[in-house]
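The values are calculated or read from the model by the stated rules, or taken from the named source; none is laboratory data. None of these values were measured; they are calculated from a predicted model. Reconstructed Cβ throughout: ideal geometry from the backbone, glycine too, with neighbour counts over all protein chains shown. Side chains included, ligands, DNA and RNA excluded: accessible areas come from the protein's heavy atoms. Shrake-Rupley method; radii C 1.70, N 1.55, O 1.52, S 1.80 Å.
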Amino acid sequence: DTGAAAPVAQALLAPVLRTPGVLRVPPDAAGRRAWVDLDVHVTETGEVDVVRRSGGSSDRALIDAAIACARGMRFFPAERAGVPVAVWCTQRFEFGAPR
């Protein structure tokens with residue numbers, strides 16, 4: 001034992017939504033309850049550059065609406081040790097939810 005401390009992994013601070021996207025509900029989906037989960041890649045600058053469906057409805061119109069919304073989102077980027085880093089996160093988009 002050298003008495004040296006083991007390196008401590010720096011905690012990852014998750015990205016924080018800065019500007020929400022606009023979720024436009026397709027007319028034929030009005031009143032229907034459904035959801036779409038997307039895996040969203042947030043860059044070091046807080047931009048969304050890649051979006052992939054990861055669950056929920058398979059309705060193409062709802063998926064397209066969720067993707068368009070996600071692409072309009074902006075984040076304060078994730079950070080590790082005070083340095084911005086790119087990360088993947090999951091976002092859920094709900095349709096027909098009560099207001």
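Solvent exposure of F76, expressed as accessible area, is near 110 Å², computed with a probe of 1.4 Å over the protein chains only. If I take every Cα pair under 8 Å that is 6 or more residues apart in the chain, average their sequence separation and divide by the length, what percent do I get for the relative contact order? Computed value for the chain: 40 percent relative contact order. Counting only alpha carbon atoms, the long axis of helix 60-71 and the longest principal axis of the chain meet at about 40°. Charge dipole (Cα centre; +1 on Lys/Arg Cβ, -1 on Asp/Glu Cβ; no other charges) of region 7-68 amounts to roughly 240 debye. Among 36-43, 22-29, 51-58, sorting by the average number of other beta carbon atoms lying within 10 angstrom of each residue, highest first, gives 36-43, 51-58, 22-29. Full extension of the chain between A81 and R60 gives 3.6 nm of extra length, using 0.36 nm per residue less the Cα-Cα distance.
For the chain, the mean residue ellipticity at 222 nm estimated from helices alone is -4000 deg cm²/dmol, where every DSSP H run of n ≥ 4 contributes -39500 (n - 2.57) and the total is divided by all residues, rounded to the nearest 500.
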